[in-house]
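Here, each number is a calculation from the coordinates, and none is a lab measurement. Predicted model only: the values in this text are computed from it and were never measured. Cβ placement follows ideal geometry from the backbone for every residue including glycine, while neighbour counts extend to all protein chains displayed.
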Amino acid sequence: YHTISDVLSSLGIQETNAAYSTGLNWGTGNSGQTRAIHSPTNGKLIAQVTMASEQEYDQVITTAQQAFLEWRTWPSPKRGEVVRQIGQKLREHKRALGTLVSYEMGKIMQEGLGEVQEMIDICDFAVGLSRQLHGYTMHSERPTHRMYEQYHPLGIVGVISAFNFPVAVWSWNAMLAAICGDVVVWKPSEKTPLTAVACQHIIQEVLKQNHVPEGVFNMIIGDATIGSRMAHDERVPLISATGSTRMGKKVGEAVGARLGKSLLELGGNNAIILTQNADLEMALRAVVFGAVGTAGQRCTSTRRLIIHDSIYDEVKERLLKIYPKLPIGDPLKEEILVGPLIDKDAVSAFLKALDEVQKEGGKLLTGGTVLKGEEFATGTYVTPAIVEAQNHYHMVQEETFAPILYLIKYSGEVEEAIAIQNGVRQGLSSSIFSTNLLETEAFLSHWGSDCGIANVNIGTSGAEIGGAFGGEKDTGGGRESGSDAWRFYMRRQTNTINFGRELPLAQGIRFEF
Ligand code: UN1
């Protein structure tokens with residue numbers, strides 16, 4: 001593609017000013033509140049969207065409710081067939097959508113393509129799953145009785161996604177929800193609405209051709225107001241939200257107050273442990289990808305490096321050789337490894353964190369500057385930073401969504417490193433590099449890493465969709481994508497069937513009259 005308008009027209013997008021989509025139809029918005037979207041890569045205006053009004057929100061929810069009544073009656077493999085075709089469309093448009101992700105969000109092209117690949121992967125996964133939404137059968141304590149459980153569709157799933165994975169997170173939720181017989185109302189991040197508009201365009205034809213009712217895959221443009229409305233809305237039994245812990249607590253509270261279900265995928269403060277038995281070649285590749293990949297804006301980004309003191313100086317020296325050479329710039333250029341941050345607010349947060357951590361005693365070893373010059377005129381390009389720090393520093397305890405890597409030293413056994421790694425409020429991803437089985441197994445044991453993801457000789461980011469994705473503590477406890485995460489998108493029903501001519505009571509209770 002030569003220009004972004006080539007990309008848009010290859011995706012069939014003429015108008016970007018949509019406020020909502022019901023899968024088949026679009027609404028242009030009547031709130032009068034528009035939002036201009038500028039690319040963090042070059043500051044150019046790429047789209048103008050309109051915030052959906054309260055009335056439009058209600059309209060979408062009503063359409064979704066209607067759609068659910070029909071969609072839930074479709075056999076799951078038939079719903080899977082629709083998802084299969086969506087996967088095919090994503091394959092066709094992988095390059096265009098990946099480019100748009102890169103342009104709107106700022107992640108490098110390789111990662112933009114990777115994100116679309118994750119969408120394709122979850123489609124494949126969901127198609128297979130559509131034939132195996134299974135429950136258990138149990139033996140009854142009563143004669144001529146049978147017990148089993150079934151999973152039934154839940155209703156509307158509200159999906160609140162973040163800017164950093166503007167489209168993949170939707171697909172992890174939406175494709176599972178779809179085969180489960182649910183309908184989806186997606187509120188993309190207000191920072192990256194264009195890629196969401198693109199997704200709705202990509203699926204639209206498939207939905208039409210398969211006579212999927214209007215309202216199964218909905219998208220609504222809005223800010224926190226719409227998110228909050230959805231969280232409080234009893235018509236939405238499940239809210240799946242990705243974003244900061246602050247946002248997640250609000251959503252969880254609102255959904256909890258009405259006893260709805262929430263699936264929260266919140267902040268991480270992910271660490272890699274390097275023991276004296278680490279293969280440093282492998283480890284350094286993982287550390288650098290984890291720390292500067294997506295410019296440090298993944299929830300799985302590596303934020304802390306916990307290094308045994310016997311190898312500390314060597315690791316530090318080698319990182320300090322690699323960092324200054326990292327190619328920073330336009331993420332659409334192939335040779336670039338570090339793109340911009342999402343916006344200037346993110347840059348301020350980056351600078352502020354570095355400032356504060358130095359006040360606490362942290363030592364800035366490299367990076368931490370905002371790049372200047374014509375190529376970087378947006379003011380969103382920064383040099384990834386490495387800081388020597390201690391785990392208890394206030395800033396080290398926080399998730400700063402930017403490329404800052406904290407080096408932390410430990411000197412004892414692996415247990416000491418694990419205690420440091422666990423010594424934060426978040427619990428998303430974790431990793432150890434060691435070729436010593438005693439160390440790696442301790443890390444994976446009951447008393448090892450307390451995170452939802454614990455890797456050995458692999459970094460903290462870049463999980464495959466086949467596993468359940470999510471974390472503990474302040475990360476929110478939700479699990480999305482693979483394994484049996486689908487169960488959360490359904491309601492479980494236990495059925496007991498008496499095929500005899502007596503009515504024995506459970507627990508042997510006698511009740512004669
Ligand atoms: C996120 O940052 O919100 O494991 C998700 C990873 C990716 C997903 C990250 N598969 O880094």
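Tabulated values for the structure
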| item | result |
| --- | --- |
| Distance between modelled label sites at Asp484 and Thr496, nm, 7 Å Cα→Cβ extension | 2.1 nm |
| P(r) of the stretch 355-513 over all Cα-Cα pairs, binned every 10 Å from zero, in whole percent | 8, 25, 25, 17, 10, 7, 5, 3, 1, 0 |
| Ratio Rg/Rh, restricted to the chain and using Cα atoms, in which Rh is the Kirkwood radius | 1.01 |
| Leu263, Leu274, Leu365, Leu407 arranged by Cβ crowding within 10 Å, fewest neighbours leading | Leu365, Leu407, Leu263, Leu274 |
| Linear extension gain, Lys352 paired with Thr435, 0.36 nm per residue minus alpha-carbon span | 26.1 nm |
| The stretch 331-419: relative contact order in percent, alpha carbon pairs under 8 Å with at least 6 residues between | 28 percent |
| Mean residue ellipticity (222 nm) of the chain, computed from DSSP H runs ≥ 4 via -39,500 (n - 2.57), nearest 500 | -11500 deg cm²/dmol |
| Partner lysines for Lys249 [C-alpha distance under 21 Å; skip if fewer than 8 residues away on the same chain] | Lys187, Lys191, Lys261, Lys473 |
| Whole-percent pair-distance distribution, where bins are 5 Å wide, for the alpha carbons of the stretch 297-376 | 3, 11, 16, 24, 23, 14, 6, 2, 0 |
| Candidate lysines - alpha carbon under 25 Å from Lys316, same-chain residues fewer than 8 apart omitted | Lys325, Lys352, Lys359, Lys363, Lys409 |
